[in-house]
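Contents: one structure, followed by commentary.
The values are calculated or read from the model by the stated rules, or taken from the named source; none is laboratory data. Please read these numbers as outputs of a predicted model, since none were measured by experiment. Cβ placement follows ideal geometry from the backbone for every residue including glycine, while neighbour counts extend to all protein chains displayed.
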Amino acid sequence: MHIETQAELLKLSRLLETDEADMAFLDGQDLNTLAAFRNSVSSFFYEQHQDSYQRLAGISKLVPTGASAKLATTVLGSVLAAGIASELPAERAIKLADKLPDDFLAKLCIHLEPTYSRALLATMPDKIVATVAKALLAMNEHITLARFVAVIQPSALKAVTSTVNDGEAMVKIALYLEDKSKLDTLLGLLSETQQRATLKAATDHELWPAVLSLNGHLNTQLRGQMGNLVAEQGETVLSRIIEVASDQQLWTNLLQAVNAMDNTHQQAVVNVAKLREEHIMESLITTVAEENSWDELLPLLPLLDHAHLTPALDVLTERQPQTLDQALSQAHDSNLLGLFGHLPEGEEQRVAKALKNHATDSWQAFVARNSDAQEIASLKAQLG
Amino acid sequence: MSDSISTLKNKGLPADALAFIESLPADQASKLADTVLAALETKDARVEKAMNNALNVVPGPFRRPVKKMLFG
């Protein structure tokens with residue numbers, strides 16, 4: 001199961017108070033549809049008791065905040081208190097939050113309905129947010145924390161991230177974020193030490209599927225920054241990442257990361273021995289063809305040494321020659337010229353043969369578009 | 001339509017959530033609706049219990065009118 005589907009089904013199973021495995025039959029459904037369903041059901045659950053929450057909130061406003069806080073902890077409990085808090089004016093709710101014990105406040109936050117508590121969380125002072133976040137972190141409440149991250153003020157987010165040193169928690173919070181466009185902000189606030197901690201956690205806790213998947217949501221600069229740190233992890237870790245990309249069809253994400261790295265790191269990653277394995281290379285080309293990510297793969301092929309380029313060409317010219325036709329039709333010409341211009345002399349013949357047998361029309365069209373290109377002069381000569 | 005789907009519809013489950021459930025194959029739709037309904041009942045019971053706990057601090061003779069006033 002794709003890691004982001006797994007995360008979505010975990011959130012749904014939590015809302016429905018059932019085992020994660022009970023929701024596995026929803027694997028394959030569109031992620032956005034699943035998230036919309038979950039949000040809709042969550043609001044529906046809340047609205048069943050909203051009248052009562054509003055009435056209790058009305059009474060709470062008549063009582064001094066100290067007494068309200070005492071009532072909340074001793075009589076109402078965190079479930080009711082969460083509902084009431086969402087119906088209080090933000091100013092009153094903040095005064096109340098300031099008087100509640102940290103652990104009670106953290107439990108209350110777990111029960112907040114995301115849509116109805118959004119405004120409240122967005123106005124919470126940094127100090128309270130940071131204190132609650134610390135308590136939630138200790139409770140491994142990564143899903144609740146991800147909800148926090150999505151709505152709190154940038155200054156509060158900075159206060160929260162500065163205290164998180166647990167790499168595993170950081171990866172999980174990022175994975176459970178509803179709006180992945182917030183990832184850039186979140187990751188940008190982490191120090192290099194914290195960023196390294198996330199990568200160490202990925203290795204220690206088998207979180208590479210999450211890290212690779214999340215990488216696809218980052219901007220190019222952060223992707224490069226993280227990519228360079230990944231490349232420094234060494235051959236064993238890089239081999240494991242390649243296996244994960246192969247198992248979870250996360251090749252496009254990995255290729256994007258490699259493209260964003262600096263050249264030295266790119267050379268190191270694309271020439272890891274693991275990549276030479278037949279089934280790995282086949283999986284790479286298959287995914288690239290399925291996802292049409294030729295423009296991510298092609299610029300990297302000229303960086304492969306001969307020992308790595310040969311198995312790549314084995315797949316492109318012999319095992320899946322139809323993919324050459326697809327690449328010629330869909331990739332940018334400059335990327336194709338880069339590959340054709342770097343073919344070792346001994347390989348040109350079999351590439352020419354595959355082009356002739358499986359991609360005649362697209363090759364002719366490509367040649368017509370690039371008639372002056374020196375990179376294909378030799379191939380053109382071989383093809384007559 | 002399964003009993004659970006009908007019950008959820010009667011309780012006001014939003015149309016988009018109902019549409020998603022009904023778009024699934026019958027056995028899956030029924031399973032998901034059963035799970036949503038069971039969760040609703042669990043949450044109802046939890047809120048009810050919390051409300052009763054809250055009402056317990058109200059002196060006996062006033063409990064019923066206060067409950068009616070607060071929770072309808």
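Report whether or not A:Glu206 is among the acidic types (Asp, Glu) and in a loop (DSSP other than H, G, I, E, B).
Yes: the conditions hold for A:Glu206.
Under the condition of being more than 39 Å from the chain's Cα centre (by Cα) and at the interface with another protein chain (Cβ under 10 Å from one of its Cβ atoms), which residue from segment A:53-77 is surrounded by the most Cβ atoms within 10 Å (Cβ to Cβ)?
A:Leu56
Just to be sure I understand, how many residues within segment A:24-35 are facing chain B (nearest Cβ under 9 Å) and under 21 Å from the mean Cα position of the chain (by Cα)?
Of the residues in segment A:24-35, 4 are facing chain B (nearest Cβ under 9 Å) and under 21 Å from the mean Cα position of the chain (by Cα).
Give A:Arg92, A:Arg14, A:Arg38 a once-over and let me know the one that is within 13 Å of chain B (Cβ to nearest Cβ) and under 28 Å from A:Asp126 (Cβ atoms).
Criteria check complete, one pass: A:Arg14.
Anything in segment B:23-63 that is touching a residue at least 24 places away in the same chain (Cβ under 8 Å) and facing chain A (nearest Cβ under 8 Å)? List them, or say none.
B:Val36, B:Leu40
Look at segment B:43-64 and say how many of its residues are surrounded by 13 or more Cβ atoms within 10 Å (Cβ to Cβ) and either in a helix (DSSP H, G or I) or of a type in the set (Gly, Ala, Ser) (or both).
Within segment B:43-64, residues that are surrounded by 13 or more Cβ atoms within 10 Å (Cβ to Cβ) and either in a helix (DSSP H, G or I) or of a type in the set (Gly, Ala, Ser) (or both) number 12.
Give, as residue ranges, the helices (runs of 4 or more DSSP H) completely inside segment A:279-358 that count at least 2 residues that are within 24 Å of A:Gln249 (Cβ to Cβ).
Those helices (runs of 4 or more DSSP H) span A:294-297, A:306-314, A:322-330, A:333-340.
I'd like the full set of residues that are in contact with a Lys or Arg (Cβ under 9 Å, 6 or more places away or on another chain) and surrounded by fewer than 21 Cβ atoms within 10 Å (Cβ to Cβ), limited to segment A:239-275.
A:Ser239, A:Arg240, A:Glu243, A:Gln256, A:Asn259, A:Lys274, listed by residue number.
Between a residue in segment A:362-377 that is assigned by the TED database to the domain that holds A:Glu348 and any residue that is part of a loop (DSSP other than H, G, I, E, B), which pairs come within a Cβ distance under 6 Å, given they are 6 or more apart or on different chains?
A:Glu375/A:Gly341
Please verify whether A:Asn32 is assigned to a helix (DSSP H, G or I) and in contact with a Pro (Cβ under 8 Å, 6 or more places away or on another chain), treating the condition exactly as stated.
So A:Asn32 does not fit the description; no.
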